Amino acid sequence: MKTQKRFTSLICLAGIGAALAILHGCSGDSADNADAASAPANIQAAWVEMGDGNQAIARVITNYTLPSGTTDANAVCPILMVNGAQSRMTLRAGPATVPLRTTASDPADSKPSDFPVSVCEAVLPAAAQQASVSGQTLPLPKEEPQRVIVLADTGCRLKKADNAWQPCGDGTAWPFASVAATAASMNPDLVLHIGDYHYRENACPSDVAGCQGSPWGYGWDTWKADLFKPAAALMAKAPWVMVRGNHEECARAGQGWMRFLDTRAYADGRSCNTPANDDAGNYSDPYAVSLGRGSQVIVFDSSKAGKTALKTTDAQFAFYQKQFQAVAALAAKAGMTNTVFTNHHPILAFAPVAGSTPAPGNLALQSAMTSLYPQAYYPPGVQVALHGHVHDFQAINFASGHPATIVSGNAGDNLDVALPDPLPAKAQPAPGTTVDSITHHSSFGFMLMERRAAPATGWSFKAYTTAGKLLATCLQAGTALSCDKIGFLTP
């Protein structure tokens with residue numbers, strides 16, 4: 001190893017050509033600096049996420065600081081090894097303390113967002129068979145993933161407006177680390193997170209014992225505590241598909257979303273740093289990730305969807321119309337026979353209300369959808385819809401022919417009350433829908449999608465507890481969902 005380092009230093013100092021220099025980890029700095037940027041101690045998180053067209057993106061968060069006088073900003077990034085070849089990752093966003101902007105909280109309960117870290121990235125080639133950074137092996141996408149972990153609403157809630165102070169240090173009250181460890185032990189090929197990664201918005205009060213010392217606000221320390229530290233084992237196991245939740249809209253944790261998780265190029269105009277640019281930052285075009293054999297996941301950004309129906313004159317109405325037209329085009333793509341639609345807000349599912357009839361699905365999205373597809377809601381080709389936002393598990397099959405709907409929003413944040421069992425006779429998630437059956441529970445856990453063996457098509461959806469106890473198995477065939485247990489599930 002020492003011989004290799006001396007050889008690399010000679011190459012770098014000799015300046016014998018850009019291609020060879022990049023191959024050996026040089027980018028205008030000395031080999032010592034290149035080694036420093038790649039030191040494992042600097043790497044705070046490393047993962048792979050899937051973007052539009054199955055583009056696999058390697059991301060790294062590093063606390064390495066460039067030596068004074070270094071002119072190449074990319075030199076802060078570590079060396080990426082792919083199939084034995086070396087190249088330096090590209091800087092996505094450097095360190096910054098973002099001035100306090102308008103947030104979902106009162107100014108007195110907010111603070112500037114501090115990001116004392118750099119985010120680096122690199123697109124992995126389709127031919128990649130092995131990839132690593134700083135000695136850490138990165139998981140690579142599979143052409144036909146067989147096992148997909150599905151989870152959402154994972155952060156620890158600290159919110160003054162709701163007087164909600166979840167005990168973030170209590171692994172039972174906030175079990176996301178255990179959920180992630182159990183899910184990682186199942187050796188998934190892909191992870192699908194359906195939004196709301198970040199919940200620690202306000203400072204824990206001095207008289208609340210369970211959350212003392214927790215970071216809060218929208219900076220790196222909170223993102224690390226809510227996502228990157230507890231999910232490290234699961235991020236090391238498989239690539240992730242990242243769906244944006246309402247907690248990642250611009251007035252909340254949007255700054256971190258854009259720096260860390262958004263799959264598009266980072267741009268100041270979409271950074272969520274300036275409220276004047278929120279109309280650009282709060283919306284993004286849907287895209288598809290192929291799962292092979294005619295199956296795909298469509299990723300839809302509903303982070304800014306409100307709770308009320310939209311007027312046809314609303315700018316948001318026109319935007320969501322355009323987005324669902326894009327969904328229709330993706331679902332109609334040649335060769336696609338099984339489209340799984342994902343967005344954070346449930347559309348044809350329920351929101352539990354303590355002591356009352358459950359509330360319907362998201363009215364804002366429904367209003368835009370019915371303007372295009374009256375009664376059908378979804379465009380042709382959508383077979384199943386997956387959501388978070390409601391903190392429970394629901395698997396719904398419709399007698400009215402609508403796509404089967406699953407909510408899996410129970411992986412960490414405070415749970416919602418249980419839905420009534422049985423449902424009230426007139427309960428429906430949207431006008432024109434008729435529920436044939438519902439399987440549900442309100443305990444912590446996650447879901448596993450498994451590809452059904454030929455000649456069957458579609459997926460099985462298995463609901464698990466935090467510890468990995470199987471609660472129910474639902475089999476998909478087209479838009480229908482058949483579960484082995486019906487009604488309320490007791491862990």
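Within segment 321-352, being in contact (Cβ under 8 Å) with a residue 60 or more places away in the chain and surrounded by fewer than 17 Cβ atoms within 10 Å (Cβ to Cβ) holds for one residue alone: 337. Residues that are under 25 Å from residue 223 (Cα atoms) and aliphatic (A, V, I, L, M) within segment 261-288 comprise 261, 265, 267, 276, 280, listed in sequence order. Among the residues here, residue 172 does not qualify as under 18 Å from residue 227 (Cα atoms), β-branched (Val, Ile, Thr) and in contact with a Phe, Trp or Tyr (Cβ under 6 Å, 6 or more places away or on another chain). Can you find a residue that is of a type outside the set (A, V, I, L, M, F, W, C), assigned to a loop (DSSP other than H, G, I, E, B) and either in the same structural domain as residue 147 (by TED's automatic domain parsing) or at pLDDT below 95 (or both) anywhere in segment 176-186? So far as segment 176-186 goes, no, none of its residues is of a type outside the set (A, V, I, L, M, F, W, C), assigned to a loop (DSSP other than H, G, I, E, B) and either in the same structural domain as residue 147 (by TED's automatic domain parsing) or at pLDDT below 95 (or both).
For the condition over 30 Å from residue 478 (Cβ atoms), without any contact (Cβ under 8 Å) to a residue 12 or more places away in the chain and in the same structural domain as residue 381 (by TED's automatic domain parsing), what is the one hit in 280, 251? After applying the criteria, what remains is 280.
All conditions in (1) at pLDDT below 95; (2) in contact with an Asp or Glu (Cβ under 9 Å, 6 or more places away or on another chain) hold for residue 375, with the sole exception of (2). Taking the criterion of being within 27 Å of the chain's Cα centre (by Cα), closer than 25 Å to residue 113 by Cα and crowded, with 20+ Cβ neighbours inside 10 Å, the residues of segment 58-88 that qualify are 58, 59, 60, 61, 62, 64, 76, 77, 78. Scanning segment 177-200 for residues that are within 23 Å of residue 297 (Cα to Cα) and aliphatic (A, V, I, L, M) yields 179, 180, 183, 184, 186, 190, 191, 192, 194. Candidates in segment 199-220 are the residues that are hydrophobic (A, V, I, L, M, F, W, C) and part of a loop (DSSP other than H, G, I, E, B); of these, the one that is surrounded by the most Cβ atoms within 10 Å (Cβ to Cβ) is 216.
The values are calculated or read from the model by the stated rules, or taken from the named source; none is laboratory data. Given the structure is predicted, the values throughout are model-derived calculations rather than measurements. Glycine also receives a Cβ, built like all others from the backbone with ideal geometry; neighbour counts cover every protein chain displayed.
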